[in-house]
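Enquirer: Please read through the structure below; I'll follow up with questions.
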Amino acid sequence: MDVKKAQSFITQNAIYIVLVILIMGIIVYEPSFMSINTLRDVLIQSSTRVIIALGVAFILITAGTDLSAGRVVGFTAVISASMLQIPDYSRRFFPDLPQVHVLLPIVIAIIAGLLCGLINGIIVSKLNVPPFIATLGTMLIVYGLNSLYFDMDPNQSQPIGGLRPDFTRIGSGFIGSGQYSIPYIVIIAIVVAAIVWVLFNKTKLGKNMYAIGGNMQAAKVSGINVSKNLIYIYAIAGALYGLAGVLEAARTGGATNNYGNMYELDAIAACVVGGVSTTGGIGTVPGVLVGVIIFTLINYGLTFIGISPYYQLIIKGLIIIAAVSFDMRKYSSKK
């Protein structure tokens, strides 16, 4: 009986075991990886990824997917950065734009992300286009629009730099001092995660989301307005991508139209590693947080020990395949 329990535990948690072994291998190879500075860097890098992954989790729980997330992040990063450059920067995106309050471009960028999500929701719910195809299409559209915006005169596709200190402070500032300080961006990610937890667990929208992902037809029969709920869910996800784009621009101190490329794949992988089912109806905020941190640890660790980015892509691909494979096996065993 104990052997069967052990086998069941290994089967249910195989992906976590493999990932923990990989992280332990990195630590054994390079013991200095275990430090407060490393943990701090991982948390900073995880912050925007967590917000993106939480947005993706909304969609995955409804048994959908969102391939446009990364491009929306890039679009909103460019929008916010383009309006928040210092007055005397030689290559201002808008040379005649007056100094606006820092919150205005941030709100505009988040609304732009929300509108992208809203369009995804309408296409999926009203036009009955499968989420994979719908978001693949909007991914290309958003990237095209972002590139046209980025190429406008006088910028002409030059990287946007010279961002205002009151904006970059959001991404690089912190409370406290030294290595034990808490970055603002980490605090923002924690607050967003708490709000999303409330939405998942304490609201009608959250309950409807799980019901739709569990069985859409049953949800319709029970009186849930599936179309309206999907539009809300995709819009919220888009707003989260918009916020992540703003924070990414603030964290890095600039933006280009290629920001956010493939972020959606990392987010999907982190969600699945964190227990969000690709078949819908299953997923938790703590699971997403764990998945993102594990994935970031691996990315950071492989870079830390000097593994080529090309090998990192191979490892990431294997992790994604393995995570989905174990997820499907768990789903099949419950049927």
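The values are calculated or read from the model by the stated rules, or taken from the named source; none is laboratory data. Just so it is clear, the model here is predicted, and its values are computed rather than measured. The area values use the complete protein model at the heavy-atom level, side chains included, leaving out ligands, DNA and RNA. Shrake-Rupley method; radii C 1.70, N 1.55, O 1.52, S 1.80 Å.
Enquirer: How many Å³ per residue does the convex hull of the Cα positions in region 180-335 occupy? Intermediate values should be presented prior to the final figure.
Expert: Working: hull volume 22.5 nm³, N = 156.
Enclosed volume per residue, from the Cα hull, is 145 Å³.
Enquirer: So which residue, out of Y263, Y180, Y241, gets the largest mean-square fluctuation from a GNM of the chain using Cα contacts under 10 Å as springs?
Expert: The residue with the greatest mean-square fluctuation here is Y180.
Enquirer: From the phi angles alone, apply the Karplus equation (6.51, -1.76, 1.60; θ = phi - 60°) to region 243-254 and give each ³J(HN,Hα) in whole Hz, x where the residue is Gly or Pro.
Expert: Those phi angles translate into 4, 4, x, 4, 5, 5, 5, 5, 5, 8, x, x Hz.
Enquirer: Still on this model: What is the Cα coordinate range of region 83-197 on the first, second and third principal axes, sorted by size from largest, in whole angstrom?
Expert: 51, 42, 22
Enquirer: Rounded to the nearest percent, how much of the accessible area of region 21-74 (1.4 Å probe, protein heavy atoms only) is carbon and sulfur?
Expert: 68 percent
Enquirer: Using Cα-Cα distances under 8 Å and only pairs 6 or more residues apart, what relative contact order does region 233-335 have, in percent?
Expert: On the way: 57 pairs, mean separation 24.1, N = 103.
Across region 233-335, relative contact order equals 23 percent.
Enquirer: Accessible area per residue for the chain in Å², computed with a 1.4 Å probe and the full protein assembly in place, what is it?
Expert: Roughly 47 Å² per residue, with all protein chains present.
Enquirer: Compare V292, V191, V78 in a GNM of the chain, Cα atoms joined below 10 Å, and give the one with the largest fluctuation.
Expert: The residue that fluctuates most here is V191.
Enquirer: What percent of all Cα-Cα pairs in region 4-161 falls in each 5 Å bin, counting up from 0?
Expert: Computed distribution, short to long bins: 1, 8, 11, 13, 13, 12, 12, 11, 9, 5, 2, 1, 1, 0, 0.
Enquirer: What are the residues whose amide H is under 5 Å from the amide H of G280, where those residues sit 5 or more places off or on another chain and H is modelled from the backbone?
Expert: Here the answer is A63, since their amide H atoms fall under 5 Å of that of G280.
Enquirer: Here is a further query. Treating the chain as a set of equal point scatterers at the Cα positions, no solvent, please give the Debye-formula log₁₀ I(q)/I(0) at q = 0.11, 0.15 Å⁻¹.
Expert: Per q value, in the given order, log10 I(q)/I(0) is -0.74, -1.28.
Enquirer: Can you tell which of F295, F33, F150 shows the greatest fluctuation in a Gaussian network model of the chain with Cα springs below 10 Å?
Expert: Highest fluctuation among the options: F33.
Enquirer: Then there is this: In whole Å, how far is the Cα centre of region 76-110 from that of region 163-193?
Expert: 20 Å
Enquirer: Would you compute, from DSSP H runs of 4+ residues alone, the mean residue ellipticity of the chain at 222 nm, taking -39500 (n - 2.57) per run and dividing by the full residue count, rounded to the nearest 500?
Expert: -24000 deg cm²/dmol
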